[in-house]
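Have a look at the structure below, then the notes.
The values are calculated or read from the model by the stated rules, or taken from the named source; none is laboratory data. Values in this document were obtained by computation on a predicted structure and should not be read as measured data. Here the Cβ positions follow ideal geometry from the backbone for every residue, glycine too, while neighbour counts run over all protein chains shown. Please note that ligands, DNA and RNA were not included when accessible areas were found on the heavy atoms of the full protein model with its side chains. Shrake-Rupley method; radii C 1.70, N 1.55, O 1.52, S 1.80 Å.
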Amino acid sequence: MNQAIQQPTRPHGVTITDRTRVTITGIDDVDSFNEEMIVLNTVCGAMTIAGTSLNVTKLSLDDGSLIIDGRITAIEYDDRSRPAKGSGISRLFK
């Protein structure tokens, strides 16, 4: 059975500058973050960012953008474990 590929509801993009800053668009939610790992949901699936001294410089769930500063060592998508909307950080601010 062929499954149709779902198109994201808004554009998703990742820009890495000198492995010290990453700008991500198409963010739905941030599940967790600390200085070594940030777990978030994008319109294209779950994403984990690993590194050292990671700091969320800007987070806007209204426009779906995120800027992270620090030493980026890995970025990984995981389509299998995408939590339902409304989890993580967005629940804290209701």
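Sort out which residues of segment 56-68 are surrounded by 14 or more Cβ atoms within 10 Å (Cβ to Cβ) and part of a loop (DSSP other than H, G, I, E, B), and write them in order of number.
Let us first name the residues in segment 56-68 that are surrounded by 14 or more Cβ atoms within 10 Å (Cβ to Cβ), namely 56, 59, 61, 64-68.
Listed by number, the residues that qualify are Leu61, Gly64.
Scanning segment 4-23 for residues that are charged (D, E, K, R) and either more than 16 Å from Ala74 (Cβ to Cβ) or in a loop (DSSP other than H, G, I, E, B) (or both) returns Arg10, Asp18, Arg19. Residue count for segment 24-55 satisfying the condition of being open to solvent by less than 50 Å² (accessible area, probe 1.4 Å), part of a strand (DSSP E or B) and either without any contact (Cβ under 8 Å) to a residue 60 or more places away in the chain or of a type outside the set (Asp, Glu) (or both): 18.
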